[in-house]
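Heads up, the thing below is written out as structure tokens.
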Amino acid sequence: MTLDASLLDALIAGALTAGRAVMEVYRGDFAVAAKGDASPVTEADERAERLILADLARVLPGVPVVAEEQVAAGEIPPRLGDRFVLVDPLDGTKEFISRNGEFTVNIAVVKGGRPVVGVVAAPALGEIYAGVVGAGSRHGTVGVDGTIRWRDIAVRAAPTEGLVVLASRSHAGPETEALLSRLAVARRVSAGSSLKFCRVAAGEADLYPRLGRTMEWDTAAGDAVLTAAGGQVVGLDGRPLTYGKRDQASDVDFANPWFLAAGAKPALEAALAGLGGDPAG
């Protein structure tokens, strides 16, 4: 498997195809079911995942895939190896159900425990983000004819007047509120799904703290986009998040620790200091 332009183009095309399927469901009436962990799932999640898995079987034959709905059904690759793919076919199902448009299709390639390629499509917003670590990130505006107008993106310098902080629309809790009370926050913006990583990557915000439960498929694509744009995604110990976690003593397979996603290093340092931690090296 090579991390070349043709692979990225194929992942982008796959995310857009899945996004169109999601929108077909979104525009109509749909039922909402509950998975074993009580999280919601719709026909859109399942339809998009089937399309992505079929694309990945053609583009990356033999490469293990960890996909949210397959995991919920108990279908997990026995071995991941050094390279695998993480898929969230509909990140932000609550946003999808509430019809606010802030949901995404996420595909990420992981190598050596870190996401190195990420694609995040927001079909209701007509947006897509793509990043390759070491080669940069892009934001695309998707036209009605399917063409994409791309621009390069990068994190911004931390502003002197205070941070713009992105908080989860559905999951911000008291720990997040306590952290934000210790920071110089100029403005707080609510957003759903992995768009929060992408807004930081595009220089539209400085910090996204997630002091709550997430899974690897929720974060891998956004992590890659933000890292490729010059940002960092770290646990509360200041170390980068790792992926492919199995047999965790403290949690289920593929569960993430709490984390901070930041643009410029001063924003990360301020957040770690607010938690009583140390900056990443």
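With 10 angstrom as the radius, rank THR147, THR214, THR93, THR104 by how many other C-beta atoms surround their C-beta, starting from the fewest.
So the ranking, lowest neighbour count to highest, is THR147, THR214, THR93, THR104.
Only helices at least 27 Å long along their own axis, judged from Cα atoms, and with Kyte-Doolittle mean hydropathy of -0.5 or greater: name those in the chain from DSSP H.
5-26
Between MET215 and residues 5 or more places away or on another chain, which pairs have amide H atoms under 5 Å apart, with H built 1.01 Å from N, and which residues are they?
Close amide H contacts, sequence-distant or interchain: ASN256.
Specify the longest stretch of the chain that does not include any exposed loop site, a site being one of the GluC sites (Glu not before Pro) with a non-H, G, I, E, B DSSP assignment and at most 13 other Cβ atoms within 10 Å.
With a cap of 13 other Cβ atoms within 10 Å, the longest stretch comes to 162-281.
Give the total of Lys-Lys pairs in the chain with Cα-Cα distances below 25 Å; include a pair only if its members are 8 or more places apart or on different chains.
Qualifying lysine pairs in the chain: 9.
So what's the back-of-envelope 222 nm ellipticity for the chain, counting only DSSP H runs of four-plus at -39500 (n - 2.57) apiece and dividing by all residues, rounded to 500?
-9500 deg cm²/dmol
When the Karplus curve 6.51 cos²θ - 1.76 cosθ + 1.60 is applied with θ = phi - 60°, which whole-Hz ³J(HN,Hα) does each residue of region 153-164 get, with x for Gly and Pro?
10, 7, 5, 9, 5, 5, x, 6, 7, x, 8, 8
How would you rank PHE30, PHE254, going from fewest to most other Cβ atoms within 10 Å of each one's own Cβ?
Ascending Cβ contact count within 10 Å gives the list PHE30, PHE254.
Taking the chain as a Gaussian network, where each spring joins two C-alpha atoms under 10 Å apart, which residue of LEU56, LEU86, LEU226 fluctuates the most?
LEU56
Listing ILE128, ILE97 from the residue with the fewest other Cβ atoms within 10 Å to the one with the most, what is the order?
Ordered by Cβ neighbours within 10 Å, fewest first: ILE97, ILE128.
Over the chain, what is the mean sequence separation of C-alpha contacts under 8 Å (at least six apart), divided by residue count, expressed as relative contact order in percent?
Relative contact order, the chain: 16 percent.
In whole angstrom, how far apart do the alpha carbon centroids of region 249-268 and region 61-110 sit?
The distance from the Cα centre of region 249-268 to that of region 61-110 comes to 18 Å.
Name the residue from GLY140, PHE103, VAL87 whose Cα lies farthest towards the positive end of the charge dipole of region 5-153, charges +1 on Cβ of Lys and Arg and -1 on Cβ of Asp and Glu.
In region 5-153, that residue is GLY140.
Would you give the gap between the C-alpha center of region 134-202 and the C-alpha center of region 43-60, rounded to a whole Å?
Going from one Cα centre to the other spans 27 Å.
Starting from the amide H of VAL116, placed 1.01 Å from N in the peptide plane, find each other amide H under 5 Å away whose residue is 5 or more places distant or on another chain.
VAL109, VAL110, LYS111
Shape of the chain from its Cα gyration tensor (a ≥ b ≥ c, root eigenvalues): rounded if a/c is under 1.5, otherwise prolate when a/b > b/c, or oblate?
Verdict is rounded for the chain.
Given a cut-off of under 8 Å on Cα pairs at least six residues apart, what relative contact order in percent is computed for region 1-132?
With pairs under 8 Å counted, the relative contact order is 23 percent.
Every read-out reported here was derived from the displayed coordinates using simple, explicitly stated rules and does not represent laboratory data. All of these numbers come straight from a predicted model, not from anything done at the bench. Note: ideal-geometry Cβ built from the backbone for every residue, glycine included; neighbour counts use all protein chains shown.
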